[in-house]
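Quick notes on the structure that follows.
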Amino acid sequence: MSENDDKTPGNGDDSPGEFEAFDGEEEFVFVPSCVEVPPVFHSFLEEGPFTKCTVCEAPLDEDGTQYLIHKAFHREEVIFEYALCLPCRARMQEELSAESIERINAYLDQYDMEARSAEMLVDRGPDVSAWLSHCFITGRPVSEADEHHIYAFCDGPDLVFSGLPLAIIGDVNEKLNELLSQKTRDRLDGFVDEQFGLPPELKQPIKDSPVFV
């Protein structure tokens with residue numbers, strides 16, 4: 001990836017660049033808008049970076065192929081993971097109720113993901129572990145929770161700082177699940193059943209975790 005590549009989702013000519021204008025006397029520190037996908041977002045099953053969409057198996061490892069990663073942990077153990085290409089994400093959105101999507105978006109808008117992303121890039125830089133150390137909603141350390149979920153937006157081999165990455169602890173996921181309509185819960189339950197062969201004791205925490213759409 002060249003230094004001039006800008007992988008921010010929806011980037012256009014009117015979008016801010018990777019740095020603000022400054023005069024010649026100010027010190028400038030370059031902060032990249034993306035980094036190579038770190039091991040924490042690698043696939044446990046593939047034993048390396050995700051190479052294909054979990055749903056349609058389209059390849060994900062080329063520049064320009066954008067996708068989402070969601071991984072769930074019980075303490076340090078991975079209990080659930082997927083990579084979802086944007087066409088599959090769009091198809092899933094069409095199957096979910098508009099009411100559920102509006103409720104989730106309204107809830108998350110309280111926390112201004114884009115503003116957080118800008119602040120984190122300045123304060124923490126591209127250290128992904130720092131972005132995942134505390135729950136995005138509550139601010140609690142992830143290490144204190146029995147269950148947590150992490151999310152990233154990626155483009156080919158790179159993780160893009162775009163509001164994501166972030167971590168959410170299990171208690172918050174349960175609150176988010178309460179915002180979903182029965183239609184949406186049934187569809188997400190079906191997604192889990194279709195894609196993952198899991199024992200009953202692990203299915204419920206995952207089904208209580210809404211997919212970031």
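The values are calculated or read from the model by the stated rules, or taken from the named source; none is laboratory data. Remember, it's a predicted structure, so these values are computed and weren't measured experimentally. Using ideal geometry, Cβ is built from the backbone for each residue, glycine included, and neighbour counts are taken over all protein chains shown.
If you filter the stretch 79-113 down to residues that are exposed (fewer than 12 other Cβ atoms within 10 Å of the Cβ) and farther than 29 Å from Pro49 by Cα, you find that the one that is farthest from the chain's Cα centre (by Cα) is Ala98. Looking across the stretch 36-60, the residues that are small (Gly, Ala, Ser) and in a strand (DSSP E or B) come down to Ser43, Gly48. Looking across Glu119, Glu174, one residue alone is assigned to a helix (DSSP H, G or I), more than 15 Å from Val40 (Cα to Cα) and modelled with pLDDT under 80. It is Glu174. Applying a threshold of 9 Å to beta carbon distances and a minimum spacing of six or more residues, or different chains, the list of pairs starting in the stretch 55-76 at a residue that is within 19 Å of Ala167 (Cβ to Cβ) and among the β-branched types (Val, Ile, Thr) and ending at one that is modelled with pLDDT under 90 and surrounded by 14 or more Cβ atoms within 10 Å (Cβ to Cβ) reads Ile69/Glu81. Selection of the stretch 33-48 for residues being under 19 Å from Ala72 (Cβ atoms) and either under 15 Å from the mean Cα position of the chain (by Cα) or of a type in the set (A, V, I, L, M, F, W, C) (or both) yields Val37, Pro38, Pro39, Val40, Phe41, His42, Ser43, Phe44, Leu45.
Taking the stretch 59-78 as the range and being of a type in the set (A, V, I, L, M, F, W, C) and crowded, with 16+ Cβ neighbours inside 10 Å as the test, the residues that pass are Leu60, Leu68, Ile69, Ala72, Phe73.
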